[in-house]
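Since the structure comes first, as structure tokens, the remarks are kept for the end.
The values are calculated or read from the model by the stated rules, or taken from the named source; none is laboratory data. The structure displayed is predicted, hence computed values, not measured ones. Here the Cβ positions follow ideal geometry from the backbone for every residue, glycine too, while neighbour counts run over all protein chains shown. SASA here: full protein model, heavy atoms, side chains in, ligands and nucleic acids out. Shrake-Rupley method; radii C 1.70, N 1.55, O 1.52, S 1.80 Å.
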Amino acid sequence: MIIDEVDTATNNQVFLDFLAQLRACYLKRPKAATFQSVILAGVYDIRNIRRKIRPDEEHKTNSPWNIAADFNVAMNFSVLDISGMLREYETDYHTGMNIEEIAELLYEYTSGYPVLVSRLCKLMDEYIAGTEVFPSRKEAWTKEGVLEAVRILLQEKNALFDSLFEKLNLYPEMKERIRAILFRGDPVPYNVDDPVTDLLHMFGFVKAEGGRLLIANRIFETRLYNYFLMPPEVEREELYNYAEQDKNQFIRNGKLDMKLLLEKFVLYFDDIYGDQDQKFIEDDGRRYFMLFLRPIINGTGNYYVETQTRNRERTDLIIDYRGEQYIIELKIYRGNAYHERGERQLTEYLDYYHLKKGYMLSFNFNKKKEIGVREISLGDKVLVEAVV
């Protein structure tokens, strides 16, 4: 007997009584014919149904079945898996796509999460191909087509995202942990004995990498940033309202004027938060830049944080806007030597993305600092540096 979506019914006492009946029948199976096996399928680990199965607190650590089979099948697609599916598609439709490049891109954004991979492919095939910008499948199955599919996916409402946010609202401790990972760059260790980590991992929010907790994939991460930076909460923030009012001036000839955006951010941030202490800036400074950025690119572009550089002192933010990418290093100023090292790191990052211009936003606590924006040349690269 297979019971699907079992985790959605664990608040229903009738269903819990039904499970208890099944267990009683199973224990009597030598004397009376019953099911050979019962499979409960869902997101929850079977042991977590204990939270509802018995009202008495002392029995919460017991499984209702006392047995659970390990499921050791890798559920995420690898780049090789995605490439195989794309080859089958290419055999049928002959788009001329670069299969390896598209597979890598899909994996970069989804980490192989099957629903997300399938949805992006469906969007490119059924929604993007045939539009004015992507008139055929040939144009749709390109890097630009993938970025457009990502943009659409990040804007749509679907059951997967609804389920994730429902879980955050049910478990405030998970919500706070996610916020710490996203905005403060806290190096949260992966601890299997921590109940919050257990919940985050079970619901698919996070993965373990190098002994640290990371958000499971880039799509989830960006959607979670949007979740924490959405009205009505942020409408009380002056910085958000300034960006909302001025957003049209930052788009020129269909392109994002990043230098002007930084100039306005420096102006408004210093005016509103310039007298705040160092702890405030370290904890929330980067959050406020994303808060400022959100209404400007909302609906047209998206952004994500490069996981390898996220920490308390440095974050690299990549913005995709109408097929163009902008790299911004957000950092806490720790002296000239550290600053110059950051400049070199940014130029190396620009090489990786084949870009000639990059941006740096420094939160500086030196009382003699010069607030403003300037351009400097480093080799064949131009860096636009902003200081607040």
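Summary table below
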quantity	calculated
Given (1) open to solvent by 40 Å² or more (accessible area, probe 1.4 Å); (2) modelled with pLDDT under 90; (3) in a helix (DSSP H, G or I), number of the condition D275 does not satisfy	(3)
Candidate set: region 90-127, residues that are hydroxyl-bearing (S, T, Y) and within 17 Å of K143 (Cα to Cα); chosen: the one most open to solvent (accessible area, probe 1.4 Å)	Y127
Odd one out for E139, checked against (1) under 15 Å from Y93 (Cα atoms); (2) of a type in the set (D, E, K, R); (3) open to solvent by 70 Å² or more (accessible area, probe 1.4 Å)	(3)
Single residue of region 345-374 satisfying the filter (charged (D, E, K, R) and free of Cβ contacts under 8 Å to residues at least 24 places away in the same chain) that is most open to solvent (accessible area, probe 1.4 Å)	K367
Residues satisfying the stated conditions in region 102-160, i.e. within 19 Å of the chain's Cα centre (by Cα), under 13 Å from L86 (Cα atoms) and free of Cβ contacts under 8 Å to residues at least 12 places away in the same chain	S118
Failed item in (1) of a type outside the set (D, E, K, R); (2) more than 21 Å from G323 (Cα to Cα); (3) open to solvent by 10 Å² or more (accessible area, probe 1.4 Å); (4) modelled with pLDDT of 90 or more, with Q249 passing the rest	(2)
G145 on the phi > 0 side of the Ramachandran plot and among the small types (G, A, S)	no
Criterion (closer than 24 Å to L106 by Cβ and either of a type outside the set (A, V, I, L, M) or open to solvent by 70 Å² or more (accessible area, probe 1.4 Å) (or both)) met by exactly one of R184, R151, R177	R151
F165 vs. criteria at pLDDT below 95, open to solvent by less than 40 Å² (accessible area, probe 1.4 Å), farther than 22 Å from D320 by Cα and in a helix (DSSP H, G or I)	yes
Residue list for region 116-142, filter: among the hydroxyl-bearing types (S, T, Y) and within 16 Å of L105 (Cα to Cα)	S118, T142
